[in-house]
Amino acid sequence: VNRPQPLAHDALPSAGADCLVSAFCLESASPDLAAFTRALGHIGRLLRPGGHLLLIGALGITYYMAGDGVKIPTVPVNEAQVCASLKESGYTLIRLEVYTVPQDMNVGTDDAYGVFFVKAMKE
């Protein structure tokens, strides 16, 4: 997702994909908000015009634990930043849902305060 063409040119139909799904990937692959926005643009190149993006991610997360002592840094985003990044990257937001993580579900593997679910369309 950090390359302008994330997949080989012949990996998808020439018109582009009808739908892409990304779940908890972009915030860990991006060192900052600008890179998160660029990654949205890069994967958008894989979609056909009018194609849909289903995006799931963590809100406010700065890290997650991938194993004993393996702490993966992430870029913390909020709802407004996700919406702005989508718009800047050429998507029309269709729906945004947020799930707030209850405090008693925090088990120490990350510091997210919620999860966002997005349905967007490539312009």
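Computed from the coordinates by the stated procedures, all read-outs in this text should not be read as laboratory data. Because the structure is a prediction, the values reported are computed rather than measured. Heads up, the Cβs are rebuilt from the backbone with ideal geometry, glycines too, and the neighbour counts pull from every protein chain shown.
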(request) Go through 74-82, 61-69 and give me the packing order, highest mean Cβ count within 10 Å leading. (result) 74-82, 61-69
(message) Per 0.36 nm of contour for each residue apart, how much would the distance between K87 and C25 grow if the chain were fully extended, relative to their Cα-Cα spacing?
(response) 20.4 nm
(request) Could you work out the local net charge near A58, counting Lys and Arg as +1, Asp and Glu as -1, over the other residues with Cβ closer than 10 Å to its Cβ? (result) -3
(message) Using helices alone, I'd like the mean residue ellipticity at 222 nm for the chain: each DSSP H run of four-plus residues gives -39500 (n - 2.57), total over residue count, nearest 500.
(response) -6000 deg cm²/dmol
(request) Pairs of Cα atoms under 8 Å, at least six residues apart: use those to get the relative contact order of the range 60-123, whole percent. (result) 38 percent
(request) For helix 33-44, report the angle its Cα long axis makes with the longest principal axis of the Cα atoms of the chain; keep it between 0 and 90° and round to the nearest 10°. (result) 40 degrees
(message) Can you give me the C-alpha center-to-center distance between the range 38-113 and the range 12-36, rounded to a whole angstrom?
(response) 10 Å
(request) Answer with one residue from G114, C19, P49: the one whose Cα lies farthest towards the positive end of the charge dipole of the chain, charges on Cβ with Lys, Arg +1 and Asp, Glu -1. (result) P49
(message) About the Cα centre, and with charges only on the beta carbon of Lys, Arg (+1) and Asp, Glu (-1), how big is the dipole of the range 1-102? Nearest 20 debye, please.
(response) 200 debye
(request) Just subtract the alpha-carbon distance of L54 and N78 from 0.36 nm times their residue separation and send over the number in nm, one decimal. (result) 6.9 nm
(request) Apply 1/(1 + (r/R0)^6) to the Cβ-Cβ distance of A11 and V98, taking R0 = 25 Å, and write down the FRET efficiency to the nearest 0.05. (result) 0.20
